1. Quantify how much of the Cα-Cα distance distribution of the chain extends past 16 Å, in percent.
2. Give the relative contact order (percent, whole number) for the chain; include only Cα pairs under 8 Å separated by 6+ residues.
3. Compute the helix-to-body angle for 37-57: its Cα long axis versus the longest principal axis of the chain, expressed 0 to 90° and rounded to tens.
4. If exposed means no more than 12 neighbouring beta carbons inside 10 Å and the site is in a DSSP loop, what's the longest run of the chain without any exposed trypsin sites (Lys or Arg not before Pro)?
Amino acid sequence: MTCSYRRTCRLPHGFKVEFILDGSRFDTKWSPKMPRGKRVRQLLPHYKRERNAFLASTGVRILVVDL
């Protein structure tokens, strides 16, 4: 049995992202769909801040590598 942990966060410009940690799998769901181009560059600092806060809240030691 796997344990699932989720949190939805609001981002600027009307975007929301749901972070999901299901066992060893990390995933995201965007609403509306994930932006591209200039908009994604504007949202990236906000996304990273929320992602890092979510991962820290799990209590699991995690290494994040942004490429």
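Nothing in this text is a laboratory measurement; each read-out follows from the coordinates by a stated rule. Every value quoted in this text rests on a predicted model; they were computed, and no experiment measured them. Please note: Cβ atoms are built from the backbone with ideal geometry, for glycine as well, and neighbour counts cover all protein chains shown.
1. Within the chain, distances greater than 16 Å cover 48 percent of Cα pairs.
2. It comes to 24 percent, rounded to a whole number.
3. Helix 37-57 sits roughly 20 degrees off the main axis of the chain.
4. Longest stretch, sites excluded: 1-32.
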